[in-house]
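Here is the structure we will look at, set down as structure tokens.
The values are calculated or read from the model by the stated rules, or taken from the named source; none is laboratory data. These figures come from a predicted structure and were not determined experimentally. For neighbour counting, all protein chains shown are included, and Cβ atoms are generated from backbone atoms with ideal geometry for every residue, glycine included.
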């Protein structure tokens, strides 16, 4: 068996050397990296075939004796042969000795071989001690390793092609936007205003692309504000929420102000219907003093606060409070990346009641964080959202951007710790105007030379991964 070794910088070059030296039918025995190069052990196909042939010196390679010269059975042949003779029979045994041996009956395979001329051919035999199972296992492992190596190379090649495609798209988009800003400078001004207000680059690019031509900077900004306000869904009247009643659960990450917002909503319900029509439930048994804060608010309002630990307790509590007009549930704060978010959503959905979830969004968080929070808490659907910590946010365009893109219904905005004064109905015109007014000075920080590069990356993001902008209404 002549095993040859081939080395090259990559598997592809090594396989090419194998093909050139041994042909396309060569058998790969191993493929492994050695000292920064790829080493392949290969075997010629003819050598593999020779493994199945017997050794010339073995007994299996000797020609099969021909017995067709023997005579047929003779009736006078003796029926007994002395088997006690210690001496072996001579080569030239008497004829009657051969006659006493009965010829075997012909088998179907033998008859078929005789008819087709294969009577004198022998099946290939292996050398004594040769392990065909080990050889087969080694060849299978080599083939599997070669396939895995080829798959890895193909994956790397596809990754490089995608990277090249993304680079070309970015460069072409950058050139396109550079020409656009020179030809239509009002678009550059609108982009700077939107980016400074906190809106994402993908939404800014999408709106600027749809903006009518032949508009000056002032008219373009009025058009942008109108489109944003039209796509910002808010609750115009809280009577639908307070008068209709139901079970509401405030959900969100840790520290977004769920307990304080629950107390503010509870105070509004008490002022509208009285304390006997309201019930408070807390699931915050993990945070130290978490349920005590809500109990203090409940004591001030004259409302009983119930504490539950799991889905069974929640089911029992809601069943006992089914005669209440409004039930507010203060949930435990869980990070959007925690597995407990799914468990919390499942607990609220399996409580046996129609629990409407209100998501609290922190106005000081970034676009990416808020979008991740919405995706984590979305579940089967959110009834609405509440913007919290408005007084601490430098810009609110990030929250409005997520609300518009995720098509959420903005109910309230919270801008302080006072209960219940610092809770207001969401006014979309006021929010859009405040988003641009509070960050107007920061618009100058975006240079015209940087806008094409930013918009090129935003265009690739908008075109490949963001389908939420397709529902934006312009008229």
| query | Is it the case that the stretch 241-258 has a residue that's within 34 Å of the chain's Cα centre (by Cα), under 30 Å from residue 297 (Cβ atoms), modelled with pLDDT of 85 or more and assigned to a helix (DSSP H, G or I)? | reply | yes
| remark: Counting only residues that are under 34 Å from the mean Cα position of the chain (by Cα) and buried (at least 17 other Cβ atoms within 10 Å of the Cβ), the stretch 312-321 contains a total of 1
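Has the stretch 264-273 got at least one residue that is surrounded by fewer than 15 Cβ atoms within 10 Å (Cβ to Cβ), touching a residue at least 24 places away in the same chain (Cβ under 8 Å), in a helix (DSSP H, G or I) and out of contact with any strand residue (DSSP E or B) (no Cβ under 6 Å at 6 or more places or on another chain)?
Taking every residue of the stretch 264-273 in turn, at least one turns out to be surrounded by fewer than 15 Cβ atoms within 10 Å (Cβ to Cβ), touching a residue at least 24 places away in the same chain (Cβ under 8 Å), in a helix (DSSP H, G or I) and out of contact with any strand residue (DSSP E or B) (no Cβ under 6 Å at 6 or more places or on another chain).
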| Taking residue 365, is it exposed (fewer than 15 other Cβ atoms within 10 Å of the Cβ), out of contact with any strand residue (DSSP E or B) (no Cβ under 8 Å at 6 or more places or on another chain) and free of Cβ contacts under 8 Å to residues at least 60 places away in the same chain? | no
| field | Where residue 312 falls short, out of the listed (1) farther than 25 Å from residue 244 by Cα; (2) in a helix (DSSP H, G or I); (3) touching a helix residue (DSSP H, G or I) at 6+ places or on another chain (Cβ under 6 Å) | value | (3)
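Taking the criterion of being at pLDDT below 80 and over 39 Å from the mean Cα position of the chain (by Cα), would at least one residue in the stretch 1-16 satisfy it?
Among the residues of the stretch 1-16, at least one is at pLDDT below 80 and over 39 Å from the mean Cα position of the chain (by Cα), which makes the answer yes.
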| task | Kindly check whether there is at least one residue in the stretch 133-145 that is modelled with pLDDT under 65, farther than 24 Å from residue 13 by Cβ and surrounded by 12 or more Cβ atoms within 10 Å (Cβ to Cβ). | result | no
| said: Yes or no: the stretch 372-383 includes at least one residue that is touching a residue at least 40 places away in the same chain (Cβ under 8 Å), out of contact with any strand residue (DSSP E or B) (no Cβ under 8 Å at 6 or more places or on another chain) and surrounded by 21 or more Cβ atoms within 10 Å (Cβ to Cβ). | reply: no
| query | Among the numbered criteria (1) farther than 26 Å from residue 413 by Cα; (2) at pLDDT 90 or above; (3) assigned to a loop (DSSP other than H, G, I, E, B), which single criterion is violated by residue 322? | reply | (2)
